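The values are calculated or read from the model by the stated rules, or taken from the named source; none is laboratory data. Computed from a prediction, not measured in an experiment: that's the story for all the values here. Methodologically, a virtual Cβ is constructed for each residue, glycine included, from the backbone with ideal geometry; neighbour enumeration extends over all protein chains shown.
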Amino acid sequence: MPFDSLYPRTTVTRRIQVLDGTWDFAFDREKVGEELDWPAKGLVDAVDMPVPASFADIFTDKESREFCGDVWYARRIFVPGEWRDGNVDIRFDAATHRATVYLNGTELAEHEGGFTPFCAHANDAVHWNDWNLLVVKVNNELSHESLPLGRVKELRDGTRINQPYFDFFNYSGLQRNVRMVYTPAERIEDMTVVTESVIDGTAYVHYEVTTNGSHEVELTVADEDGNVVAQKRGTSGGIEIEDAHLWNLRAAYLYTFTVRIVDGDKVVDEYYEQIGLRTVSIDGRDFLLNGHPVYLKGFGRHEDSPIHGRGFDPVVARRDFELMKWMGCNSFRTSHYPYAEEELQEADREGFLVIDEVAAVGFLVSTQNFDDATKTSVSKTLFDLPGIEKTLEVHKQAVRELIERDKNHACVCAWSLFNEPDFSTEGSLPYATEIFDLARKLDPQKRPRSYTNVTRCRAGIDKCTHLADFMMLNRYDGWYVSPGPEIEDAREILIEEMHKWEKLEPNKPFFFTEYGCDTMAGVHKLPSVMWSEEYQVEYFKMQHEIFDMFEWVVGEQPWNLCDFQTVEGKMRVDGNKKGAFTRDRQPKAVAFLLRERWCNKADYVDGFDPRAMR
Ligand code: CKU
């Protein structure tokens, strides 16, 4: 639904009421919510719950933290009477992993997928100029039909727990902002902007606007000083911006594209977006931004912090950007799910390139998949299992919602359509082909597409590399493979593999999108041992020496910016410790190594320096 994807904004015609704050919350352990009519009557034995937040780390008992099933949220909202003439939508930026929304007992919407927004259209159930009961049922169960994938295990006493096939805690709930949005009856439903080319300083831009009415549409483009640089009438067309300020790496420039539905002098509806003019493309071994080859420096990250869990926290998000800037980063990957829209807006402003990942993680039937990922492949993969066509439908919808939401962001330079799928059997090919084709069809900017290749599908084993426009490698040689005293073997293993890739994919740029080793901050050892800060530094030096041997490696994004929470396990000490920073965002020794390397490594391979031109 295009309108659901439009980021909510207040304009001359639009209004927003923020619904963040304290909601009623209840676990539905006995599954009685519907029977007891919680949608109409409100929750029984509710406790307070902040929104946005993950619920798991708020409580002090394990049952609550590990809860698997339905949780309910409720609050009263006042809907102004003057909004009666237009649309009232309740916009959830994310409800993890699926939700049903009720207003005054009437079901308004259902949504699958925990990391993309949706709207519940409220008009038919509203009590105007009065208080209304808003109730949301959120379910967090994992299955082969959920993204990310996993399963539910029943313990002997009947308790059900989630078993993720992925290495991050299954945080859930209303983890992002919730807003009530008023829009006029006739409204802008979608807008799309594509920079088609830049020739001699002039940007050739195509725009398209969808409305639900028939009145005229006009577009105004203003530069950062508010000067109008282009104006156009019509729901679609081309515009030319002379002497365009292009959006460059770490040198962003954002124009404001304002769209209006007009009826004579009257503005029927108004919406705007901040647009960076730029092109992304691939030419042979180069990944190009505005025609210049870039070198990506950055991280695989997580939306994760103490107590908030995956709850969107603008303070943590800001800190993460400051850490990345301090390190000389120019990019990140939204491992392993679409991040909050505010993160992409900041990347637009900061001039960071983002590899935007759909929540397609866990395509390996394993609850220790970070370990099993390195083991030799089996004859049947998840893609060969019956029922996979249902996963495919969910996956397609997730790709649709991701691209609809993020298509206009200058920062989004590529789509990551899977994280570490087991593509070792031919059975994966039809599935992967459908996903790749769909992304190409839906993306108006036709951005490069890829997936992260897993160790078990090393060069020659993976059956789908030809689908990717560029390659992303996740490698742990020196950690999961040949670790500690065997690190020199690890070096050889990786170099040998790189020589194979050189022949197999001679015409694609490569990024390392994961490499890293678990490190306990404060553990020091001479000589180094695994888990010490010294070992992490040695491992990174070894990796970088290898990257520097191959000039077609044009990006490095270690795993991970910060330590983060995972399920409990024999290989996890209160979470994954591969961060360059601790979970509370303080540096380990390796952060200084990376800062030294990246601050001395240019953003552009050809020496182009847009910052010097300012
Ligand atoms: C990371 C299959 C494992 C790949 N990769 C995924 C990421 O989510 C994990 O956290 C490995 C790790 O640290 O093991």
Checklist entry - Of these, 467, 473, which one is without any contact (Cβ under 8 Å) to a residue 60 or more places away in the chain, within 16 Å of the ligand (Cβ to nearest atom) and either of a type in the set (D, E, K, R) or over 16 Å from residue 530 (Cβ atoms) (or both)? => result 473
Next on the checklist: Going residue by residue through segment 543-551, is there one that turns out to be closer than 14 Å to residue 580 by Cβ, buried (at least 20 other Cβ atoms within 10 Å of the Cβ), modelled with pLDDT of 95 or more and in contact with a Ser or Thr (Cβ under 8 Å, 6 or more places away or on another chain)?
Outcome noted: no
Checklist outcome for this item: For segment 324-341 the number of residues that are within 16 Å of the ligand (Cβ to nearest atom), more than 12 Å from residue 301 (Cβ to Cβ) and of a type in the set (S, T, N, Q) is 0
Checklist entry - What number of residues within segment 197-234 are closer than 30 Å to residue 87 by Cα and buried (at least 18 other Cβ atoms within 10 Å of the Cβ)? => result 6
Checklist entry - Among the strands (runs of 3 or more DSSP E) contained in segment 129-196, which hold 1 or more residues that are away from the ligand (no atom under 16 Å from the Cβ), crowded, with 22+ Cβ neighbours inside 10 Å and among the aliphatic types (A, V, I, L, M)? => result 130-139, 178-183
Checklist entry - Among 451, 431, which is within 16 Å of the ligand (Cβ to nearest atom) and of a type in the set (Phe, Trp, Tyr)? => result 451
Checklist entry - Restricting attention to segment 489-520, which residues are within 28 Å of the chain's Cα centre (by Cα) and within 16 Å of the ligand (Cβ to nearest atom)? => result 511, 512, 513, 514, 515, 516, 517, 518, 519, 520
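Let's see how each residue does on (1) free of Cβ contacts under 8 Å to residues at least 60 places away in the same chain; (2) farther than 30 Å from residue 191 by Cα; (3) in the same structural domain as residue 419 (by TED's automatic domain parsing):
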position: 439; (1), (2), (3): yes, no, yes
position: 455; (1), (2), (3): no, yes, yes
position: 461; (1), (2), (3): no, yes, yes
position: 482; (1), (2), (3): yes, yes, yes
position: 504; (1), (2), (3): yes, yes, yes
position: 517; (1), (2), (3): no, yes, yes
position: 521; (1), (2), (3): no, yes, yes
position: 531; (1), (2), (3): yes, yes, yes
Checklist entry - Here are some conditions: (1) crowded, with 19+ Cβ neighbours inside 10 Å; (2) free of Cβ contacts under 8 Å to residues at least 12 places away in the same chain; (3) of a type in the set (Ser, Thr, Tyr). Residue 60 meets all but one. Which one does it not meet? => result (1)
Next on the checklist: So, in segment 585-612, how many residues would count as being surrounded by fewer than 15 Cβ atoms within 10 Å (Cβ to Cβ) and in contact with a strand residue (DSSP E or B) (Cβ under 8 Å, 6 or more places away or on another chain)?
Outcome noted: 2
Item to check | Residue count for segment 555-607, restricted to those that are within 14 Å of the ligand (Cβ to nearest atom) and part of a strand (DSSP E or B) | outcome: 6
Checklist entry - Would you pick out the residues in segment 580-596 that are free of Cβ contacts under 8 Å to residues at least 60 places away in the same chain and either in contact with a Ser or Thr (Cβ under 8 Å, 6 or more places away or on another chain) or closer than 30 Å to residue 286 by Cα (or both)? => result 592, 593, 596
Item to check | Residue that is assigned to a strand (DSSP E or B) and among the charged types (D, E, K, R), where the choices are 224, 240 | outcome: 240
Checklist entry - Which numbered condition trips up residue 129, out of (1) within 30 Å of residue 66 (Cα to Cα); (2) in contact with a Pro (Cβ under 8 Å, 6 or more places away or on another chain); (3) not β-branched (Val, Ile, Thr)? => result (1)
Checklist entry - How many of the residues making up segment 243-262 are part of a strand (DSSP E or B) and under 28 Å from residue 289 (Cα atoms)? => result 7
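Yes/no matrix, rows are residues, columns are (1) modelled with pLDDT of 95 or more; (2) among the hydrophobic types (A, V, I, L, M, F, W, C); (3) within 19 Å of residue 176 (Cβ to Cβ); (4) part of a strand (DSSP E or B):
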| site | (1), (2), (3), (4) |
| --- | --- |
| 3 | no, yes, yes, no |
| 7 | yes, no, yes, no |
| 11 | yes, no, no, no |
| 22 | yes, no, yes, yes |
| 26 | yes, yes, no, yes |
| 34 | yes, no, no, no |
| 40 | yes, yes, no, no |
| 54 | yes, no, yes, no |
| 59 | yes, yes, no, no |
Checklist entry - Mind checking which residues of segment 392-421 are charged (D, E, K, R), surrounded by 20 or more Cβ atoms within 10 Å (Cβ to Cβ) and closer than 12 Å to residue 360 by Cβ? => result 420
Next on the checklist: Whether any residue in segment 401-413 is over 30 Å from residue 273 (Cα atoms) and outside any loop (DSSP other than H, G, I, E, B) is what I want to check.
Outcome noted: no
Next on the checklist: Just the residues that are closer than 27 Å to residue 65 by Cβ, aliphatic (A, V, I, L, M) and touching a strand residue (DSSP E or B) at 6+ places or on another chain (Cβ under 7 Å), please, taken from segment 304-348.
Outcome noted: 316
Item to check | Condition met for residue 564 (among the aromatic types (Phe, Trp, Tyr), within 23 Å of the chain's Cα centre (by Cα) and more than 30 Å from residue 288 (Cβ to Cβ)) | outcome: yes
Checklist entry - On the given criteria, is residue 299 within 14 Å of the ligand (Cβ to nearest atom) and closer than 29 Å to residue 596 by Cβ? => result yes
Checklist entry - Within segment 61-72, how many residues are under 25 Å from residue 131 (Cβ atoms) and in a loop (DSSP other than H, G, I, E, B)? => result 0
Item to check | Hits in segment 263-300 - residues which are outside any strand (DSSP E or B) and either touching a residue at least 12 places away in the same chain (Cβ under 8 Å) or not assigned by TED's automatic domain parsing to the domain that holds residue 205 (or both) | outcome: 276, 277, 278, 279, 284, 285, 290, 291, 295
